[in-house]
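Please treat every number below as a calculation from the coordinates, not as lab data. Because the structure is a prediction, the values reported are computed rather than measured. Positions of Cβ are backbone-derived with ideal geometry, glycine not excepted, and every protein chain shown enters the neighbour counts.
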Ligand code: AMP
Ligand code: GLY
């Protein structure tokens, strides 16, 4: 098969790493890719991933059999719809299904209609009415912009003043913040369950846990994710079963009842409250960095699974997983998620690999054969080991081998797993 992968982050490098292991792959392209992905795929830099028509044309010219879409923006932008019109298969959902991530109001209303467990909520387009509701509910309370806001559209307000200010801050998100969701605060432990689906069958992957806050002990601001590990012990066999029966299967059935076929990866962000999983959010794609911890544990051929999702044949597939544990530590530029320096040389990548790391590039660039920093999250350093404790020890040895100016990372990734 000829494959085209869309995207350039750590998630896409993890996808590329696993796709490249499949004997089914003939030609492999990435758009735009990154210096890590370039080890396995030909990177195409002259086409924007927002340009559906140009991507379709490229896929036709190169006889692409499967397009794998990494990030949410092209999904929401209808790339998979455009490819389907041209008769090209994709791993990724169409625009109507991507609303599950693209509009929090769509997702919340669907969950309400079909009794899928999630926080109680109300929708507002009038700031004064929103503030009155907040005053009547009290804090802590959660304020969310309806649309995509690059992961920044959610404010968890611990007191009334912060909650009322959050309503005014939603203006900063433009159209995405013109409608807002105000949600009950759920007190529990978070986990991410990614699942493969062909629109009928849904098969969960090994559960993972992200670390959203910038600093150790879950302090500091929210980021795209500073590290992840899998499996997450907070998702016990009972929690996993509840998640499958009360959330994953019902959401696919709910979408079908609304005449929407969801194919690709469905990401359920969960809050486990007293052993009961409830939905924090759905994403229409693989999680980042979760994917960097989950895919190294997948024993089966990813391309075969993706093709089965794209063609509606997932019910025939058996998916097997390693019984090891994986930990991924994100190395970020000092200053992230605000401003940071770029183009700083990175040392020690080979030394880290020799210690057993799988290194995923997230924000790097290659200049004259040297790898430099180019983004906020620069690298994901993943290891697998017999258990979480061994994986934690191993991953930090691998991290110690890597250096760049102002490198920032959390030193407590997966520590929570040892507590559970
Ligand atoms: P989201 O972008 O919806 O995943 O929200 C970002 C983060 O805000 C989540 O990962 C949670 O940590 C937190 N969050 C969102 N909604 C709630 C809620 N209803 N209760 C508690 N925390 C929440
Ligand atoms: N790790 C959070 C996300 O992918 O949205």
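Please work out the C-alpha center-to-center distance from region 85-118 to region 289-322 and express it in whole Å.
Cα centroid of region 85-118 versus Cα centroid of region 289-322: 21 Å apart.
If you scale each eigenvalue of the Cα gyration tensor by 5 and take the root, what three semi-axes come out for region 3-55, rounded to whole angstrom and sorted largest first?
That gives 18, 12, 9 Å for the three semi-axes.
Springs between alpha-carbon pairs under 10 angstrom, Gaussian network model over the chain: which of 132, 406, 256 fluctuates most?
132
Taking the Cα atoms of the chain, report the difference between the largest and smallest coordinate on each principal axis, in whole Å and largest first.
Result for the chain: principal-axis Cα extents of 59, 47, 41 Å.
For region 280-323, what class follows from the C-alpha gyration tensor (a ≥ b ≥ c being the square roots of its eigenvalues): rounded when a/c is under 1.5, otherwise prolate if a/b is larger than b/c, else oblate?
oblate
Determine the distance separating the Cα centre of region 227-274 from the Cα centre of region 122-182; give it in Å without decimals.
Centre-to-centre distance over Cα atoms comes out at 26 Å.
Sort 360, 286 so that the residue with the fewest other Cβ atoms within 10 Å of its own Cβ comes first and the one with the most comes last.
The order, fewest Cβ neighbours first, is 286, 360.
Principal axis lengths of region 161-255 from Cα atoms, whole Å, largest first?
41, 35, 21
If I take the Cα coordinates of region 55-129 and project them onto the principal axes, what are the three extents in Å, biggest first?
53, 27, 19
Does region 109-179 come out rounded, prolate or oblate by the C-alpha gyration tensor, with a ≥ b ≥ c the root eigenvalues, rounded set by a/c under 1.5 and, if not, prolate when a/b is larger than b/c and oblate if not?
Since a/c reaches 1.5 but b/c is at least a/b, the shape of region 109-179 is classed as oblate.
Can you sort 190, 393 by how many other beta carbons sit within 10 Å, fewest first?
393, 190
From the Cα gyration tensor of region 163-204, with a ≥ b ≥ c the square roots of its eigenvalues, which class applies: rounded if a/c is under 1.5, or else prolate if a/b is larger than b/c, or else oblate?
oblate
Starting with the fewest neighbours, write out 290, 122 ranked by other beta-carbon atoms found within 10 Å of each beta-carbon.
122, 290
Determine the gain in length on full extension of the stretch residue 187-residue 172; use 0.36 nm per residue of separation and subtract their C-alpha separation, reporting nm with one decimal.
Result: 2.7 nm gained on full extension.
Would you mind putting 315-327, 75-87 in packing order, based on average other-beta-carbon counts within 10 Å, highest first?
Those peptides, ordered most packed to least, come out 75-87, 315-327.
Taking Rh as the Kirkwood radius computed over C-alpha pairs, what is the Stokes-Einstein D of region 192-323 at 10 °C in a medium of viscosity 1.306 mPa s, expressed in µm² per second?
In µm²/s, the coefficient is 104.
Which value at 222 nm does the chain reach when only helices count, each DSSP H run of 4 or more adding -39,500 (n - 2.57), with the total divided by all residues and rounded to the nearest 500 deg cm²/dmol?
Mean residue ellipticity at 222 nm (helix-derived): -8000 deg cm²/dmol.
Mind listing P(r) for region 21-93? All alpha-carbon pairs, 10 Å bins, whole percents.
19, 57, 24, 0
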